[in-house]
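The values are calculated or read from the model by the stated rules, or taken from the named source; none is laboratory data. Predicted model only: the values in this text are computed from it and were never measured. Heads up, the Cβs are rebuilt from the backbone with ideal geometry, glycines too, and the neighbour counts pull from every protein chain shown. Side chains included, ligands, DNA and RNA excluded: accessible areas come from the protein's heavy atoms. Shrake-Rupley method; radii C 1.70, N 1.55, O 1.52, S 1.80 Å.
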Amino acid sequence: MDHPINSLGFKILNASLAEEHPERNGISTLSRRGFLLAATTLTSCAAAEPLKPRPAAAAAAVKTTTNPNYRTPSVQGPVPRNPDQALSSNFSKKSGITFTRVPVSGKFIAITFDDGPHPQNTPRLLDMLRARNVKATFYVIGRSVDLYPQIVRRTVAEGHEIGNHSHTHRLMTKLSDTEVRSEMSRCRDAIARAAGVQPRTMRPPYGGLLQRQRELVHSEFGYPTILWSVDPLDWKRPGPSVVTSRILAGTAAGGIVLAHDLHSQTVDAMPATLDGLLRRGFKFVTVSQLLAMKTDSATAQASANP
Ligand SMILES: [Zn+2]
């Protein structure tokens, strides 16, 4: 086998090392280091060869490495179950443009998962939700929906809600109105193609959307902008137990919990998180169901303090 890259890589590495460390003039040291680096590079290339090639788009969408050794920990005693509820998802367009929480009477909450679908983490999460009869809302990225439509179909089939999280996950405050419309409509169309449903609400990537843009997506797409009341900062990967304790500490009635099914740690945190919230008496509903049961604050206040 011919190795033209070998000698080329060797020369380039030597040159860049000499440039980075002009104070080190020991050529033989540089040569040795260059050779070691070149050899390492070639070794890892060779090791990568037997792996199945993945489409470039899939590689770009999947940012986490999954842990194939992870096993869902067994739960002590019976798993608590979210009560069955026949609730309307039809909220009034007049109910508001932006929500971080929803005033409701009763211990209802919505848990939301952003940035999926993910080929391993989302199905694993769906299993956990199904075991507890918990209905969640998934703010999906349109281009990932195009990659994994069957996961979105399963999500919908199991009673969860799909929300619009844009097509390419750009910071929308920097986008023109035309680009905002395109991000919303491309994601909406990907969801419709995959699962035959229309999203009812949207969450902007990074939570960033100008008031004027919120009004635009509300009037043109009918989407209220859904932010959150509980943020465990799970994307920083603080460890599953920290994710759980932050969510349990922060959740109150009418709350909207933010989490990311893109990250395996977040999914690892879910059995304890869901069970903890159920044992505290919270009842899980989708974001649209939560919006549909909105009381005006005065009514909620009156029923809380009779
Ligand atoms: Zn996101």
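Here are the numbers for the structure shown:
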{"read-out": "Single residue of segment 251-281 satisfying the filter (acidic (Asp, Glu) and away from the ligand (no atom under 16 Å from the Cβ)) that is surrounded by the fewest Cβ atoms within 10 Å (Cβ to Cβ)", "value": "Asp275"}
{"read-out": "Scope segment 109-140; condition part of a strand (DSSP E or B), among the polar types (S, T, N, Q) and more than 16 Å from the ligand (Cβ to nearest atom); matching residues", "value": "none"}
{"read-out": "Residue that is nearest to the chain's Cα centre (by Cα) [pool: residues in segment 157-207 that are more than 16 Å from the ligand (Cβ to nearest atom) and at positive phi]", "value": "Gly159"}
{"read-out": "Complete set of residues in segment 155-176 that are open to solvent by 50 Å² or more (accessible area, probe 1.4 Å) and either acidic (Asp, Glu) or in contact with a helix residue (DSSP H, G or I) (Cβ under 6 Å, 6 or more places away or on another chain) (or both)", "value": "Leu171"}
{"read-out": "Whichever residue in segment 195-233 is out of contact with any strand residue (DSSP E or B) (no Cβ under 9 Å at 6 or more places or on another chain) and part of a helix (DSSP H, G or I) and, among such residues, is least open to solvent (accessible area, probe 1.4 Å)", "value": "Leu216"}
{"read-out": "Residue list for segment 130-144, filter: hydrophobic (A, V, I, L, M, F, W, C), over 12 Å from the mean Cα position of the chain (by Cα) and open to solvent by less than 30 Å² (accessible area, probe 1.4 Å)", "value": "Val134, Ala136"}
